[in-house]
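Below is one structure, written out as structure tokens; comments come after it.
The values are calculated or read from the model by the stated rules, or taken from the named source; none is laboratory data. Keep in mind that what you see is a predicted model, and the values were worked out from it rather than measured. Every residue, glycine among them, receives a Cβ derived from its backbone with ideal geometry; neighbour counts consider all protein chains shown. Just so you know, the surface numbers come from the protein's heavy atoms only, side chains and all, with ligands and any DNA or RNA stripped out. Shrake-Rupley method; radii C 1.70, N 1.55, O 1.52, S 1.80 Å.
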Amino acid sequence: MTYKLFGNEANDFMSLVTRNNYTMIELYYQLLNDLDSGNEYRALQIVFEIADAKYVKYAFKLLKRYAAREIGSSDPIAFILVKSLSEAWEKDKAAKAHGGEADRHYLALAVQYLARATKQSDTKDLTFKVNRDRCSGIYFEFDEVTNKQVEAYRVRELKEATNENK
């Protein structure tokens, strides 16, 4: 199976074209939109398209990121479930040849769970705020309790060091 690239985009994975003439960038964005809206049918078709291009590992990577970013703390089991399915697929893949229905079932369960899960943007929003502040040079300061704990630790270490030298 060969894949074609548009124009001068050699080595650009997101420009990779699948056998049904979809680019990875199109598949990526449509998958996110379908998971957001709960359209599990098309989301699964997209994941199968990625799998048909022999990028099952990439499909699981997208699903794990989605679970962490879009579902986050509203259902922390979502990430664990997708990660476990990915690991189970890896073990099955090592035990047999490519493809097969097992690949499809692992992917289907992950997509179905994520499409039906309650979405919450708290994790994404928190990450955005911290990254924005860090890029602006705004960093955190230690509170007084922490400063006292550090000071006590250093005093204790100094006492132990002087006792060892005696």
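Loop-located GluC sites (Glu not before Pro) across the range 65-166 with a Cβ neighbour count of 10 or fewer within 10 Å are GLU141, with loop assigned by DSSP. Cross-link reach is defined here as a Cα-Cα straight distance under 22 Å, omitting same-chain residues fewer than 8 places apart; for LYS61 the lysines meeting it are LYS83, LYS91, LYS93, LYS96, LYS119, LYS124.
Hydropathy first: keep DSSP H helices in the chain averaging at least -0.5 on Kyte-Doolittle, then drop any whose Cα extent along the axis falls short of 24 Å, and list what survives.
TM-like helix candidates: 77-95.
Near GLY38, no amide H atom lies under 5 Å from its own; only residues 5 or more places off or on other chains count, and H is placed 1.01 Å from N.
With all protein chains kept in place, the per residue accessible area of the chain amounts to 68 square angstrom at a probe of 1.4 angstrom.
Under 1.5 on a/c is rounded, so check that first for the range 38-97, then, if it is not, pick prolate when a/b is larger than b/c and oblate when it is not; a ≥ b ≥ c are the square roots of the alpha carbon gyration tensor eigenvalues.
Oblate.
Taking amide H atoms as placed 1.01 Å from N in the peptide plane, the amide H of VAL17 lies under 5 Å from those of LYS4, each 5 or more residues away in sequence or on another chain.
The GNM of the chain, with springs linking C-alpha atoms under 10 angstrom apart, assigns the highest mean-square fluctuation among ASN33, ASN20, ASN147 to ASN147. Simple rule: put +1 on each Lys or Arg Cβ and -1 on each Asp or Glu Cβ in the range 44-164, find the dipole, and look at VAL145, LEU109, GLY72; the Cα lying farthest toward the positive end is LEU109.
Across the range 57-165, the mean sequence separation of Cα contacts (distance under 8 Å, 6 or more residues apart), normalised by length, yields a relative contact order of 32 percent. For the chain, the mean residue ellipticity at 222 nm estimated from helices alone is -21500 deg cm²/dmol, where every DSSP H run of n ≥ 4 contributes -39500 (n - 2.57) and the total is divided by all residues, rounded to the nearest 500.
Computed about the Cα centre, the dipole magnitude for the range 25-166 is approximately 280 debye when only Lys and Arg (+1) and Asp and Glu (-1) carry charge, each at its Cβ.
Just the protein heavy atoms count here, and of the accessible area of the chain at 1.4 Å, carbon and sulfur take up 54 percent. Gyration tensor analysis over the Cα atoms of the chain returns equivalent ellipsoid semi-axes of 44, 20, 19 Å (largest first, whole Å). Under 21 Å of direct C-alpha separation, and excluding same-chain neighbours fewer than eight residues apart, LYS159 reaches these lysines: LYS148.
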